[in-house]
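Everything below concerns the one structure shown next.
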Amino acid sequence: MDSLSAVSEELAEIDGQIADIFRALSNGFQKLDKIKDVNRQSRQLEELTGKMRECKRLIKEFDREVKAMERRTNANTHRMLSEKKQSMVKELNSYVALKKRYQGNLESNKRVDLFDGPNEGFSEDNDMLASNMTNQQLMDKGYQMMDETDQAINRAKKVVQETVDVGTETGATLKAQTEEMSRIVNDLDSIHFSIQKASKLVKEIGRQVATDKCIMALLFLIVTGVIAIIIVKFVNPNNKEIRDIPGLAPPAMNRRLLWTPH
């Protein structure tokens, strides 16, 4: 942190924010291990995912600042900043992998058996003894059970197909929304970076304007002094204490014109 402060206050501030997020992620995953309720686990994962998105945005901003000041830093400083960024990315990726593992466990806990069929009538059917049924009745009963089994299988297939279709549509929608959100975040990061650079440029322009005003004031004083000397010289031409200004002729009233009549 101290080494970054010596290089840039902005980089040090970003590094501090990223470090705070990493601590929050570490505490959040430790807390997740103690949560037994599936819904609470899901909400905790969503909160941690939001922190990881914010961390990714800050790492991108850190990288842009490093590239912007690349020409103003030496090779050792630039290597140190690059290693710092790689360390941040590596730590963030470890939390992303941990989040994926918890997400997989959470989805497996929510899995529902889709192949449950109707069981009505089986106890009643089992009460009838086969010895009391004729061959035709046994065949009819067998055909009926086969038909019910086929219907249950068809219902299960239909439910599976509908689930697959809904999952496919949901996946495509989520992918499109994720890409759109990613583009929006990148645009916001670029706008934020541009605003920071514009603020710095306005400050530099303000300093230049102040310097130009000082120069103009100094030139005004010099011109005023020269005009004052010229006026005094014309008003009191016999004052020898005032030297003639180089490049200016003596006053017109002191000239002696030699005229020779013909």
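The values are calculated or read from the model by the stated rules, or taken from the named source; none is laboratory data. Note that the structure is a prediction, hence the values are computed from the model and not measured. Cβ placement follows ideal geometry from the backbone for every residue including glycine, while neighbour counts extend to all protein chains displayed. Ligands, DNA and RNA are excluded from the accessible area calculation, which covers all protein heavy atoms including side chains. Shrake-Rupley method; radii C 1.70, N 1.55, O 1.52, S 1.80 Å.
Of the listed pairs Lys36/Lys85; Lys99/Lys197; Lys31/Lys56; Lys34/Lys158; Lys34/Lys175, which have alpha-carbon separations greater than 27 Å here? Please report the intermediate quantities before stating the final value.
Working: Lys36/Lys85 36 Å; Lys99/Lys197 35 Å; Lys31/Lys56 22 Å; Lys34/Lys158 38 Å; Lys34/Lys175 31 Å.
Lys36/Lys85; Lys99/Lys197; Lys34/Lys158; Lys34/Lys175, as the Cα separations exceed 27 Å there.
Roughly how many nanometres apart are two label points built 7 Å out from the Cα toward the Cβ at Arg57 and Lys141?
6.9
To the nearest 0.05, what FRET efficiency results for Met216 and Met181 with a Förster distance of 45 Å applied to their C-beta separation? Walk me through the numbers before you get to the answer.
On the way: r = 52 Å, r/R0 = 1.16.
Computed FRET efficiency for Met216 and Met181 comes out at 0.30.
From the phi of every residue in the stretch 11-26, what ³J(HN,Hα) in whole Hz does the Karplus formula 6.51 cos²θ - 1.76 cosθ + 1.60 yield, where θ is phi - 60° and glycine or proline is x?
Once rounded to whole Hz, the list reads 5, 5, 5, 5, 4, x, 5, 5, 4, 4, 5, 4, 5, 5, 5, 4.
Around Arg57, with a cut-off of 12 angstrom between Cβ atoms, what is the net charge of the other residues, counting Lys and Arg +1 and Asp and Glu -1?
Values: positive: Lys51, Arg53, Lys56, Lys60, Arg64; negative: Glu54, Glu61, Asp63, Asp187, Asp189.
Summing Lys/Arg as +1 and Asp/Glu as -1 gives 0.
In whole percent, and with a 1.4 Å probe on the protein chains, what portion of the accessible area of the stretch 1-98 is carbon and sulfur?
On the way: 2730 of 5970 Å².
That fraction is 46 percent.
Calculate the tail of P(r) for the stretch 168-209: the fraction of all Cα-Cα distances greater than 15 Å, expressed in %. Show your work: numbers first, answer last.
On the way: 527 of 861 pairs.
Roughly 61 percent, once rounded to a whole number.
At 1.4 Å probe radius, can you tell me the per residue accessible area of the stretch 17-63 in Å²?
With all protein chains present, the stretch 17-63 gives 57 Å² per residue.
May I ask you to rank Phe62, Phe220, Phe234 by accessible area, largest first, using a 1.4 Å probe over the protein chains only?
Numbers: Phe62 0, Phe220 140, Phe234 110 Å².
Largest to smallest exposure gives the sequence Phe220, Phe234, Phe62.
Can you list the HN-Hα couplings for the stretch 54-71, worked out from phi with the Karplus curve (6.51, -1.76, 1.60; θ = phi - 60°), rounded to whole Hz and with x for Gly and Pro?
4, 5, 4, 5, 5, 5, 4, 5, 4, 5, 5, 5, 4, 5, 5, 9, 4, 6
Step through the residues of the stretch 213-218 one at a time and calculate ³J(HN,Hα) from phi using the Karplus curve (6.51 cos²θ - 1.76 cosθ + 1.60, θ = phi - 60°), rounding each to whole Hz and writing x for Gly and Pro.
In residue order, the calculated couplings are 5, 5, 5, 4, 5, 5 Hz.
Based on Cα positions only, what radius of gyration and what Dmax would you give for the stretch 1-92, in angstroms?
16.0, 53
On average over all directions, what projected area in square nanometres does the stretch 1-42 have, based on the convex hull of its Cα atoms? Intermediate results must be reported in sequence, preceding the final value.
Details: hull surface 13.7 nm².
Result: 3.4 nm².
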